[in-house]
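*Asks:* Sending over a structure as structure tokens; questions will come in a sec.
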Amino acid sequence: MIETIYRETNSEGIKPDVNIRLPKNIKQIGQGDANMNYQIYIEENVISYIKQPADKEGQIRYGVLLGEIKKGNGYTYVFVNGAVEVEEVIQSTIIFGEEVWTSIYDSIKRYYKEGMVVGWYGSFENNDAVDMKSIKRLHLDHFAGNHKVFLKIDREEDEEAFYIY
């Protein structure tokens with residue numbers, strides 16, 4: 001006897017090819033690389049939350065992005081519908097240690113019923129202070145795997161940019 005099992009996601013957590021319908025309350029950031037076939041959409045309320053000013057001048061704000069990843073129409077779609085910020089920033093340094101991850105997962109359980117970590121964000125006062133080599137290292141250490149994104153916010157210039165490794 002052959003048993004057919006339907007799985008909504010594959011081993012990477014990506015939903016299979018489907019006809020993608022875009023929600024109305026989202027914003028596409030950038031056009032993406034034509035060779036990569038990525039489309040990244042983020043809900044307006046998430047952008048508003050992330051762009052809030054820091055408590056102290058020059059302080060970094062960072063956290064994880066939640067949502068889902070779907071494939072369809074020849075594209076990989078990353079939908080961001082939530083964010084959990086790291087509450088205790090030490091000396092404007094980005095740290096994803098054990099205590100930080102515990103706090104993040106506690107917040108995810110408390111405030112979000114669905115969604116997976118699709119990447120992370122950093123909100124910076126001054127774009128010149130961003131060390132992209134350190135960002136890349138953090139991304140590879142904590143957000144390895146396909147389709148994980150990094151959202152960089154420059155609060156001074158009011159600009160945002162997504163990066164995919």
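The values are calculated or read from the model by the stated rules, or taken from the named source; none is laboratory data. Only a predicted model underlies this, so the values are computations on that prediction, with no experimental measurement involved. Counting neighbours? That spans all protein chains shown, and the Cβs are built from the backbone with ideal geometry, glycine included. Remember, those area values only see protein heavy atoms, side chains included, never the ligands or the DNA or RNA. Shrake-Rupley method; radii C 1.70, N 1.55, O 1.52, S 1.80 Å.
*Asks:* Please report the antiparallel percentage of the DSSP beta bridges confined to segment 111-165, to the nearest 5.
*Replies:* 50 percent
*Asks:* Further question on the same structure: Rounded to the nearest whole Å², what accessible area per residue is found for segment 68-165 with the 1.4 Å probe?
*Replies:* With the other protein chains kept in place, segment 68-165 gives 58 Å² per residue.
*Asks:* Rounded to whole Hz and in sequence order, give me ³J(HN,Hα) for segment 100-106 from the Karplus expression 6.51 cos²θ - 1.76 cosθ + 1.60, θ = phi - 60°, writing x for Gly and Pro.
*Replies:* So the J values, rounded to whole Hz, are 5, 5, 4, 5, 4, 5, 4.
*Asks:* Still on this model: Per-residue counts of other Cβ atoms within 10 Å, averaged by peptide: what ranking do you get for 119-126, 104-111, highest first?
*Replies:* Descending mean neighbour count gives 119-126, 104-111.
*Asks:* Just to check I understand the Karplus step: with θ = phi - 60° and J = 6.51 cos²θ - 1.76 cosθ + 1.60, what whole-Hz values come out for segment 160-165, glycine and proline as x?
*Replies:* 9, 8, 9, 10, 10, 9
*Asks:* Still on this structure, I have one more. In whole angstrom, and with the biggest value first, how far do the Cα coordinates of segment 81-165 range along each principal axis?
*Replies:* Largest to smallest, the principal-axis extents are 36, 29, 24 Å.
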